[in-house]
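Beneath this line is the structure, given in structure tokens, with notes to follow.
Read-outs: derived from the displayed coordinates by stated rules, not from any lab. Note that the coordinates shown come from a computational prediction; the quantities given were computed from them, not determined experimentally. Cβ sites come from the backbone with ideal geometry, for glycine too, and all protein chains shown count toward neighbours.
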């Protein structure tokens, strides 16, 4: 629900945003080309039960007018509880594929202890084996990444519409790096970009990582960009949210291997 995330994925979501002045709520309606239509959680005062109930009614009327079954996806538990207090008949099903992985930043930086033994070995292998450097990303480097043509990272497929959904989202982020005020970093091997990561402050205690891509031809490249980005940019934050796994088995295995301290559960809400 960060602005950056919504901006990156707006075309994949088919996102439309509407502000209701009397309710003082922002409504996020998604009409994606390859999924069923749905709402994202409305943005407003979730502690006001009357307004929450009115916001729910507004979305359900909207769904009837647009002729699709009411569905709200990626709903946090706090809002689920507020909605079910207002409307006890609402159904809420946990969606494991959209749960966020949250880690302690000091653990991602130090990789200390037995539970990080494998990651530490992979990182040390990388550090010993290659001539590398970490470089903070600026607008120039963001454009360089955007124009990079390689087997592991290539967003130059022509028009934005021709890219995959993930590549489209990354192009939207890198193409607006300065305007979005995000923070990025790259790792170069032998002077060439071999990995990149982009994130931002989520709140006073937590950073969120939006992009992490690496050339797996280099042993330990992913552990290197993960550890270096955390160490150089997020050591002042207690936690790092590395977002969801989208139900992809390999990505889930990789994210679990970093020993999250918290999963931020999300739910699909319907009648």
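The table that follows gives values for the structure above.
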| read-out | value |
| --- | --- |
| Residue 93, sole failed condition from (1) part of a helix (DSSP H, G or I); (2) loosely packed, with under 15 Cβ neighbours inside 10 Å; (3) touching a strand residue (DSSP E or B) at 6+ places or on another chain (Cβ under 6 Å) | (1) |
| Filtered residues of the stretch 156-190 (kept if crowded, with 19+ Cβ neighbours inside 10 Å and either more than 16 Å from residue 210 (Cα to Cα) or out of contact with any helix residue (DSSP H, G or I) (no Cβ under 9 Å at 6 or more places or on another chain) (or both)) | 163, 187, 189 |
| Qualifying positions in the stretch 156-214 - part of a helix (DSSP H, G or I), free of Cβ contacts under 8 Å to residues at least 40 places away in the same chain and under 20 Å from residue 134 (Cβ atoms) | 174 |
| Of all residues in the stretch 28-58 being surrounded by 18 or more Cβ atoms within 10 Å (Cβ to Cβ) and under 20 Å from the mean Cα position of the chain (by Cα), the one that is farthest from residue 84 (Cα to Cα) | 30 |
